[in-house]
Amino acid sequence: MSARKIIIDTDPGQDDAVAILLALASPEEIDVLGITAVAGNVPLNLTSKNARIVCELAGKHDVKVYEGCDRPMGRPLVTAEHVHGKTGLDGPTLPDPVMPVQDQHGVDYIIETLRAHEAGTVTLCPLGPLTNIGTAFTKAPDIIEKVQEIVLMGGAYFEVGNITPAAEFNIYVDPQAADIVFKSGVPIVVMPLDVTHKALVTKPRNDAFRALNTDVGIAVAQMTDFFERFDKEKYGSEGAPLHDPCVTAYLIKPELFSGRHINVEIETQSELTMGMTVADWWGVTGRDANALFVGDVDADGFFSLLKERLARL
Ligand code: RIB
Ligand code: CA
């Protein structure tokens, strides 16, 4: 089977970094057409820089990185330095990138790429706020029917919110963009906190990354050493939840994951529940199912895949 063509839309972020590394280490399954940075965990200038740092860490200097939107579609930007650190990639000391950022705006790159490819052959993988995707769909509605699938990290239902009592960060930052995406009619696979909180980098798992004894393995271990503080403190969890790598792992081994096709809608009116993913898990609304909402992962299988692939870089 030929590799799936994808655009990674991202706000690195340590977990974004691991997701990008996993994708770049898996050319048989994933063909990364390009990476678009978006403002999210940290401002755009840093997410763009971090995306390039990660590509160079992977030794993939030819990946094209684009800068997209520097703020949400209709709200002020909320960032998450409290989780990811000032740089957004705190933990390892990595060299500044040499590779340039592309001149073309990330939103125009998404539009142009979808227009240039046959319908149903390009998958969008948003790992941060959905601003670039929502903006592209608004600017060029013709591309919506050309998208093969959207596999995104975002939202929460049983796990409830991580930035407010009701909302997960990616959706909360740009609920308007999320509403556009979830109403677009594009087939969507959602990796919410319900599943990502089951993909925890426990100490033995992190020791296994470090024991790879490669620049990548050591950097990933140092990233999770830093990134885990927030969740350990807040949830008492055993380690950092690898949110975004669930997206790229799904493209490689979907059988590691399970969920339900249900209706998911986004709260965009009430400030109390702004950005909540209202997931009709029990099918009580009769609204059409618009998303595969993933609730479970074979965590051991996920981490052995991750370790095996990171060892390739
Ligand atoms: O809520 C977790 C999500 O928000 C992850 O994608 C993390 O990188 C941040 O973007
Ligand atoms: Ca992210």
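Here are the numbers for this structure:
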item	result
Projected area averaged over orientations for the range 158-282, convex hull of C-alpha atoms, nm²	8.9
Flagged links, alpha-carbon separation over 18 Å, of Lys232/Lys307; Lys198/Lys234; Lys60/Lys146; Lys253/Lys307	Lys232/Lys307; Lys60/Lys146
Quotient of C-alpha Rg and 2.2 N^0.38 Å, computed over the range 1-129	1.01
The chain: DSSP helices with Cα axial extent of at least 27 Å and average Kyte-Doolittle hydropathy no lower than -1.0	215-235
Relative contact order of the chain, defined on C-alpha pairs under 8 angstrom at six or more residues apart (%)	20
Computed over the range 241-288: relative contact order in percent, which uses C-alpha pairs under 8 Å that are six or more apart	29
Pairwise centroid distance, computed over Cα atoms, of the range 237-283 with the range 126-144, Å	18
Mean separation of Cα contacts under 8 Å, 6 or more apart, over the residue count of the range 16-120: relative contact order %	30
Trypsin sites (Lys or Arg not before Pro) within the range 80-187, DSSP loop, no more than 14 other Cβ atoms inside 10 Å	Lys86, Lys183
Separation of the Leu272 and Arg71 label points, Cα + 7 Å toward Cβ, nm	2.9
Net lengthening on full extension, Gln104/His82 (0.36 nm per residue, minus Cα-Cα)	4.8 nm
Low-density loop cleavage sites - GluC sites (Glu not before Pro) in the range 117-215, where at most 11 other Cβ are within 10 Å (DSSP)	Glu118
The range 117-211: chymotrypsin sites (Phe, Trp or Tyr not before Pro) in DSSP coil with no more than 14 other Cβ atoms inside 10 Å	Phe158
Cα gyration tensor shape of the range 214-313, rounded if a/c is under 1.5, else prolate or oblate by comparing a/b with b/c	oblate
Radius, Kirkwood style, for the chain when every pair of distinct Cα atoms is counted (Å)	18.9
Size of the range 1-47 as Cα extents on the principal axes (Å, biggest first)	37, 16, 10
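Taken together, the values in this text are just the output of simple stated rules run on the coordinates, not laboratory data. Keep in mind that this is a model prediction, so the values were computed, not measured. Heads up, the Cβs are rebuilt from the backbone with ideal geometry, glycines too, and the neighbour counts pull from every protein chain shown.
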